[in-house]
Amino acid sequence: MTNKQTAIADIAVLGMAVMGKNLALNMADHGFRTAIYNRTASKAHEAAAENPEQNLIVCETLEELIASLKTPRRLFLMVKSGPPVDTLIADLLPLLEPGDLIMDGGNSFFKDSQRRSEEVAAAGFRFLGVGVSGGESGARFGPAIMPGGDKTAYELAAPVLEAIAAKAPDGAACCAWMGEGGAGHYVKMVHNGIEYADMELIAELYYILHTGGLDNEAIAAIFEEWNQGELSSYLSEITVRILREEDPADPSIDLDSSLKEDPIALELRSSGAPTGSKYLLDKVLDISRQKGTGKWTNEEGLELGVDLSILTAGLNARYMSMDKGLRVRAEAELPQGALTEASSLPDKASLAQAFLAARLLAYAQGFSLYRAAAKAYHWNLDYRTIAATFRGGCIIRSALLSPIMEAYAADSDLPNLLLAPAFRATLEAGIPALRSLLASTIATGLPVPAYAAALSYYDQLRAARSSANMISAQRDYFGAHTFQRTDREGIYHHEWPQTDEE
Ligand code: 6PG
């Protein structure tokens, strides 16, 4: 170790799992002298030895790490979210000096970041909860970065974070201060909720096309074509590559035995799967799991009273997928019901319009949650900046973000993204396309929960008079919960006719 005790490091990364290691390498690439630390020091030594040109400074103890850093110190935590973050912060606090900054770059729950921000400030130091998106390669070559917390702390962090962040097509760094406290992790959390919806919309389209008889190559060609225009997105791009990937002769890539496999019988696994296919996707079991950020987003929707039905469809589809045994049994035992003669699928152009509209509707739900959160948590969230930050590096980067930015540039206080005049044409074409997509899939018994949620959301949003008069009257009937009237002000209760038993 060279000059360990001399304060020469610009920043430290704590936690050398793949994301932490890649971020450290990314920082070093950009000319920042980077100190690294891992609880099991051998991992930090390995990271440095594998990348000698990066000149990483390995520190075996937190004391060494602190001594290696220029002041005010910048410490970037990349450890497992939850209690390990608190433990590490508690270990660091006694070693810090005023002005030092702790950043947490894990997928932490925003309320934890809010609390940590207050605790670290109370101890006399600074804190940023930093949302980082883009997976392993984003971390290495340019993630989208969503910091939240002390604004002065952001000024200290910005030179590093903006240098390592992805760059949008216009060259802007995909990194911006999102707001106080837990705002950064909140923005990242909702990003993941939208990610679940976007993934589900693609998966349902794939399922429709696959069930309709198209082979993987034909489906890939469709997504590839769409990827040239306004539907282009990272998730569609990887979908094309996934669709075309053939099953390797030797299928075993480093199975991690610490990842517990659920016991699922072989005959259940293959149920419904195509046989004799050369494609790897056809061999991938139809069970999708999650780490929880998408669930948090949906819980927040419930908490703040925001309809996130498309995002929820993405989450529920994962839950439903996990019950493979039940699904296999249900398919065998439950009546299918009479299906209308399979009406032909909408054409490719119509599917594209439905896809774009549904994706827009999912974003509209996610951004409605931001709007509610800004009010509930007193954050001054800038929706245009959020969309701008998503344009590069992150999982939901897509061409749709530019018109979203324009919509918020024109009206920063839009009550709902769909009201932006810029989206009128998308909706004019997309809503009828969504209706025909649903008409044909419902008639043929194909589950498309995210598309169904998208259209229902739209139709509910457009209903100037909804069905809630009936709910309100029912509540008043059985519980005297009162109601308001359409024709005059005031709160009313009515003595509704009761049956003899009541
Ligand atoms: C990102 C991703 C990432 C997320 C994984 C897995 O923006 O880089 O959102 O943070 O953790 O994609 O998420 P799930 O396990 O919940 O699907």
When region 399-420 is examined, which residues are found to be part of a helix (DSSP H, G or I), small (Gly, Ala, Ser) and open to solvent by 20 Å² or more (accessible area, probe 1.4 Å)?
SER402, ALA409, ALA410
Can you spot a residue in region 92-102 that is over 31 Å from the mean Cα position of the chain (by Cα), buried (at least 18 other Cβ atoms within 10 Å of the Cβ), more than 16 Å from the ligand (Cβ to nearest atom) and aliphatic (A, V, I, L, M)?
yes
Given the conditions (1) under 21 Å from ASN26 (Cβ atoms); (2) surrounded by 23 or more Cβ atoms within 10 Å (Cβ to Cβ); (3) within 16 Å of the ligand (Cβ to nearest atom), every one holds for MET189 apart from (1)
Checklist (1) in contact with a helix residue (DSSP H, G or I) (Cβ under 8 Å, 6 or more places away or on another chain); (2) open to solvent by less than 90 Å² (accessible area, probe 1.4 Å); (3) farther than 25 Å from ALA387 by Cα applied to ALA439, failing item
(1)
Check on SER456, within 16 Å of the ligand (Cβ to nearest atom) and either modelled with pLDDT of 95 or more or small (Gly, Ala, Ser) (or both):
no
Selected residue [in a helix (DSSP H, G or I), in the same structural domain as ASP307 (by TED's automatic domain parsing), aliphatic (A, V, I, L, M) and farther than 20 Å from GLY314 by Cα] from ALA429, ALA454
ALA429
Filtered residues of region 228-282 (kept if modelled with pLDDT of 80 or more and exposed (fewer than 10 other Cβ atoms within 10 Å of the Cβ))
GLN228, PRO248, THR275, GLY276
Only listed residue being in the same structural domain as LEU205 (by TED's automatic domain parsing) and either in contact with a Leu (Cβ under 8 Å, 6 or more places away or on another chain) or within 25 Å of THR239 (Cβ to Cβ) (or both), chosen from LEU417, LEU381:
LEU417
Just give me the residues in region 301-337 being open to solvent by less than 90 Å² (accessible area, probe 1.4 Å) and in a loop (DSSP other than H, G, I, E, B), in sequence order.
GLY305, VAL306, ASP307, LEU308, ASP323, GLY337
All-but-one check, MET322 against (1) over 19 Å from the mean Cα position of the chain (by Cα); (2) away from the ligand (no atom under 16 Å from the Cβ), failing number (2)
All conditions in (1) within 16 Å of the ligand (Cβ to nearest atom); (2) within 20 Å of LEU400 (Cα to Cα) are true of GLY292 except (2)
Select from region 125-166 the residues that are within 16 Å of the ligand (Cβ to nearest atom), hydrophobic (A, V, I, L, M, F, W, C) and either part of a helix (DSSP H, G or I) or open to solvent by 20 Å² or more (accessible area, probe 1.4 Å) (or both) and list them in ascending order.
ALA139, PHE141, LEU161, ILE164
Looking at LEU437, is it within 22 Å of TYR206 (Cβ to Cβ) and not charged (D, E, K, R)?
yes
Say whether the condition of being at pLDDT 95 or above and farther than 24 Å from VAL130 by Cβ is met by at least one residue in region 390-399.
yes
What's the total number of residues in region 214-233 that are in contact with a strand residue (DSSP E or B) (Cβ under 7 Å, 6 or more places away or on another chain), more than 16 Å from LEU281 (Cα to Cα) and not in a loop (DSSP other than H, G, I, E, B)?
1
The one condition GLY392 fails out of (1) open to solvent by 20 Å² or more (accessible area, probe 1.4 Å); (2) not in a helix (DSSP H, G or I) is (1)
Subset of region 182-213, residues part of a loop (DSSP other than H, G, I, E, B) and at pLDDT 95 or above, comes to GLY182
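The values are calculated or read from the model by the stated rules, or taken from the named source; none is laboratory data. Just so it is clear, the structure is predicted and the values come from calculations on it, not from any experiment. So basically every Cβ, Gly included, is an ideal-geometry build from the backbone, and we count neighbours across all protein chains shown. Remember, those area values only see protein heavy atoms, side chains included, never the ligands or the DNA or RNA. Shrake-Rupley method; radii C 1.70, N 1.55, O 1.52, S 1.80 Å.
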